[in-house]
Amino acid sequence: GAVVSQHPSWVICKSGTSVKIECRSLDFQATTMFWYRQFPKQSLMLMATSNEGSKATYEQGVEKDKFLINHASLTLSTLTVTSAHPEDSSFYICSARRREGTDTQYFGPGTRLTVL
Amino acid sequence: AQTVTQSQPEMSVQEAETVTLSCTYDTSESNYYLFWYKQPPSRQMILVIRQEAYKQQNATENRFSVNFQKAAKSFSLKISDSQLGDTAMYFCAFMKRGSGSRLTFGEGTQLTVNP
């Protein structure tokens, strides 16, 4: 159990367009989902925390108008990169925390975004 | 604020041997979790082992075990009988216990298992 999926696994888009990434918990309900960004050979940087039915909490320095997060249900959160630019190219990873039980976070496989 | 430090950017080990990855952390919290995650070349983050701070007994998962020294704020990972599939980036992480708590990651240690 505790499987998290992300879609798409990779995406290439033109500068100025918007891209939506989905994160789903497949076999459990997630009260909280987290979005991370990872640059090559670096650690994960938390971008925002989203709770089902409420607004996301963004980390300092993360533009909330650029990275729109929606946590519409207990199994789905989406990250939309609006008006993407080449500097937004990165690896985006989501994680989900179970509704009950432990505090362990389970990670999706990540999405590689390339903005041309 | 919590900090997690992994002082070994890279390590290598021969197949079947044992290797220990270091991690230290700093916190004023008393109730927390510590984790080791691995990230293989596929970049999928995989939970290796988890330790609850109130438990004195060191966690063990098959070939993976930890040496948790709460007073020293140290949390090392020992991998026994290393396998080629253990080659990955390993991240140590801290989480304060409670709803919505975020993970604080270390910088990571790239482990290479050589045949």
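The values are calculated or read from the model by the stated rules, or taken from the named source; none is laboratory data. Because the structure is a prediction, the values reported are computed rather than measured. Reconstructed Cβ throughout: ideal geometry from the backbone, glycine too, with neighbour counts over all protein chains shown. To get the accessible areas, we keep the full protein, side chains included, count just its heavy atoms, and leave off ligands, DNA and RNA. Shrake-Rupley method; radii C 1.70, N 1.55, O 1.52, S 1.80 Å.
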Q: Collect the residues in segment B:4-24 that are within 14 Å of B:F105 (Cα to Cα), within 14 Å of chain A (Cβ to nearest Cβ) and part of a strand (DSSP E or B), keeping them in residue-number order.
A: B:V4, B:T5
Q: Go through segment A:1-22 residue by residue and tally those that are within 16 Å of A:G108 (Cβ to Cβ), out of contact with any Gly (no Cβ under 8 Å at 6 or more places or on another chain) and open to solvent by 50 Å² or more (accessible area, probe 1.4 Å).
A: 6
Q. Got a number for residues in segment A:63-76 being assigned to a strand (DSSP E or B), open to solvent by less than 50 Å² (accessible area, probe 1.4 Å) and more than 14 Å from A:A30 (Cβ to Cβ)?
A. 1
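Identify the residue in segment A:77-102 that is over 22 Å from A:T17 (Cβ atoms) and in contact with a strand residue (DSSP E or B) (Cβ under 6 Å, 6 or more places away or on another chain) and, among all such residues, is surrounded by the most Cβ atoms within 10 Å (Cβ to Cβ). Outline the logic, then answer.
So the first thing to find is which residues in segment A:77-102 are over 22 Å from A:T17 (Cβ atoms), and the list is A:95-102.
Add one more test, that the residue is in contact with a strand residue (DSSP E or B) (Cβ under 6 Å, 6 or more places away or on another chain), and what stays is A:95-97, A:99.
Working: A:S95: 26, A:A96: 29, A:R97: 25, A:R99: 13.
Within segment A:77-102, the match that is surrounded by the most Cβ atoms within 10 Å (Cβ to Cβ) is A:A96.
Table: residues versus (1) closer than 15 Å to A:V3 by Cα; (2) within 11 Å of chain B (Cβ to nearest Cβ).
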position	(1), (2)
A:L76	yes, no
A:L79	no, no
A:T82	no, no
A:P86	no, no
A:S89	no, no
A:S95	yes, yes
A:Y106	yes, yes
A:T114	no, no
Q: Filter segment A:104-114 down to residues that are of a type outside the set (F, W, Y) and open to solvent by 10 Å² or more (accessible area, probe 1.4 Å) and give me whichever is farthest from A:S43 (Cα to Cα).
A: A:T114
Q.
Filter segment B:1-25 down to the residues that are of a type in the set (A, V, I, L, M) and within 30 Å of A:Q60 (Cα to Cα) and list them by number.
A. B:A1, B:V4
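Let's see how each residue does on (1) within 18 Å of A:Y58 (Cβ to Cβ); (2) of a type in the set (A, V, I, L, M, F, W, C):
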| site | (1), (2) |
| --- | --- |
| A:L76 | no, yes |
| A:V81 | yes, yes |
| A:A84 | yes, yes |
| A:D88 | yes, no |
| A:I93 | yes, yes |
| A:R99 | no, no |
| A:F107 | no, yes |
| A:T111 | no, no |
Q. Assuming B:A88 fulfils every condition listed in (1) within 24 Å of A:V4 (Cβ to Cβ); (2) in contact with a Gly (Cβ under 9 Å, 6 or more places away or on another chain); (3) buried (at least 20 other Cβ atoms within 10 Å of the Cβ) apart from one, which condition is it?
A. (2)
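If you check A:K66 against the conditions, is it charged (D, E, K, R) and facing another protein chain (nearest Cβ under 10 Å)?
On the way: charged (D, E, K, R): yes; facing another protein chain (nearest Cβ under 10 Å): no.
For A:K66, the condition - charged (D, E, K, R) and facing another protein chain (nearest Cβ under 10 Å) - is not met.
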(Q) Just to be sure I understand, how many residues within segment B:12-43 are touching a strand residue (DSSP E or B) at 6+ places or on another chain (Cβ under 6 Å) and surrounded by fewer than 16 Cβ atoms within 10 Å (Cβ to Cβ)? (A) 7
Q. Filter segment A:42-61 for residues that are closer than 18 Å to A:F107 by Cα and open to solvent by 60 Å² or more (accessible area, probe 1.4 Å); which is farthest from the other protein chains (Cβ to nearest Cβ)?
A. A:E52
